[in-house]
Amino acid sequence: MTDSASQWAAAPGGPAFYAYSTNCLIDVAARIIVDVEASPARRTDEVNAIRTMVKRVEDRFDLKPARLIGDTAYGSAEMLG
């Protein structure tokens with residue numbers, strides 16, 4: 001039995017395994033994590049996780065990021081809309 005929300009992942013040359021991504025929205029000035037969202041290890045799901053976290057932080061704390069900083073796994077500004 002497997003979890004349908006997980007995704008096969010593998011490092012180059014390594015064995016495949018089921019994985020999730022842990023996505024964190026961090027206030028870099030305050031150095032605190034303001035939200036966390038798990039997602040399947042797929043780029044489109046990670047982008048959706050960012051949108052979810054930004055919306056939750058806006059709703060909960062009335063904060064809106066001035067900019068987003070991420071690694072290349074999150075794609076481009078165009079992907080984030």
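All of the numbers you see were taken from the coordinates with simple rules; none came from a lab. Keep in mind that this is a model prediction, so the values were computed, not measured. In this analysis, Cβ positions are derived from the backbone assuming ideal geometry, glycine residues included, and neighbour counts consider all displayed protein chains.
Values [x] 12, 22, 15, 12, 18, 15, 6, 0; [y] 16, 44, 28, 10, 1; [z] 19, 48, 26, 7, 0 are given for comparison; P(r) over Cα pairs in 10 Å bins from 0, in percent, derived from the coordinates here, is the one labelled [y].
Other residues with beta-carbon under 13 Å from the beta-carbon of Ser39 carry, at +1 per Lys or Arg and -1 per Asp or Glu, a net charge of -2.
Entry note, the chain: relative contact order of 22 percent, from Cα contacts under 8 Å with a spacing of 6+ residues.
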